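The values are calculated or read from the model by the stated rules, or taken from the named source; none is laboratory data. The structure presented is a predicted model; accordingly, all values stated were derived computationally and were not measured. For the accessible areas, the whole protein counts, side chains as well, though only heavy atoms, and no ligand, DNA or RNA atoms are used. Shrake-Rupley method; radii C 1.70, N 1.55, O 1.52, S 1.80 Å.
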Amino acid sequence: MAVKKEKSRNGDVQFDVLGKKILGLDKSILSLTINDDKGEVLGKAFSPEYEKKYHDSAKDLRSRAGLFSALIFGIAAEPEKVFGETKAIVRIYSDVKLILIPFSNRKLMATLLTKGQANTDRLIEDISPLLRSP
C-alpha cells in the first residue's frame, strides 16, 4: 500500500514540474491543470497574475476542474469518428480562454486558462509535443 502512495506522489511531482514548464512557455498562460480522463487532477501550476485575480474566486471551480475537463473532452471525442482526432478544445469567455489539449495517449490532458488575447494556435503547437505519454 505504501508503494502505491509513493508512486502517486512521484506522479504528482512529475506533472507539477511539467505544469511549471508549460506555464513558463508564454506569459499569456494564467494557470493549468493536468488531469486524467476520470477527472483526477495530477498536476497544476498558477501564475502570480492568476493567484492575484482568480485564486480565491475560482476556488470551487478549481476543485472540479479535472472533472469538467474530462467531461468536455468526452463530449468532444464523439465527432472524432467523422472528423478525426481532437487536437484541442478552445472555449472563449469574455476575458479568458480555456484550452484543453490531450496527451498523446488520450488518457491525460492539460487544461490551460489563458488571457483573452492568447494565440491559441501557437500555444497548442508549442505545448502538444510536451504532452507525450508518460
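Within the chain, which complete DSSP H helices have Cα atoms spanning at least 15 Å along the helix axis and a mean Kyte-Doolittle hydropathy of -0.5 or higher? Please report the intermediate quantities before stating the final value.
Numbers: long enough: 2-23 (31 Å, -0.63); 65-77 (18 Å, 2.14).
Span-like helices in the chain: 65-77.
Hey, any idea what % of region 52-134's accessible area is carbon plus sulfur with a 1.4 Å probe?
Values: 2850 of 5220 Å².
Carbon plus sulfur share of accessible area: 55 percent.
The slack between R122 and F83, meaning 0.36 nm per residue of separation minus the straight C-alpha distance, is 11.9 nm. For region 21-134, taking Cα atoms only, Rg and Dmax work out to 13.3, 42 Å respectively. The accessible-area ordering, largest first, of the residues F83, F73 stands as F83, F73, per a 1.4 angstrom probe.
Can you give the direction-averaged projected area of the convex hull of the alpha-carbon atoms in region 23-62, in nm²? In nm², the orientation-averaged hull projection of region 23-62 is 3.2.
At 1.4 Å probe size, with every protein chain present, just tell me what the per residue accessible area of region 66-108 comes to in Å².
Numbers: 2680 Å² over 43 residues.
It amounts to 62 Å² per residue over region 66-108.
Express in nm, to one decimal, how much length is gained between S57 and L71 on full extension, taking 0.36 nm for each residue of separation and deducting their alpha carbon distance. List each step's numbers first, then the result.
Numbers: separation 14, 0.36 × 14 = 5.04 nm, distance 2.21 nm.
Contour length minus the Cα-Cα distance gives 2.8 nm.
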